[in-house]
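A short worksheet on the structure shown next.
Just so you know, all these numbers are worked out from the coordinates, no wet-lab data involved. All values derive from a computational prediction rather than experimental measurement. Cβ: placed from backbone, ideal geometry, glycine included. Neighbour counts: every protein chain shown.
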Amino acid sequence: MNSGIDEFLDEVDRWKFKAHERLKGLTAKQRQAFWARIGQKARAMGLHVIEPEKPPKRTAKRVRRTG
């Protein structure tokens, strides 16, 4: 049973290193386009894709008024 898990984790590691090599030389926009294509392929296969959360907007710093 553990050998099946080990094989799965080995496959995940191979995919991770392959993806890292592919993304290493890309610009931020190219990486974004790459992951968008991966998401589209996953949706086409009928997989549920979770969209990343947008970071919250920063609130303005409060400034003490004197006077």
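Just a few scattered comments:
- Pairwise label distance in nanometres, Ile38 with Arg62, each label 7 Å out on the Cα-Cβ vector: 4.2 nm
- Spin-label pair Ala19/Val49, simplified geometry with 7 Å Cα→Cβ offset, distance in nm: 1.3 nm
- Cα-based reach from Lys41 at 24 Å (exclusive), listing lysines while leaving out same-chain residues under 8 positions away: Lys16, Lys18, Lys24, Lys29, Lys54
- The fewest-to-most ranking of Glu21, Glu51 by surrounding Cβ atoms within 10 Å reads Glu51, Glu21.
- Cα-based radius of gyration of the chain once divided by 2.2 N^0.38 Å, which approximates compact folds: 1.89
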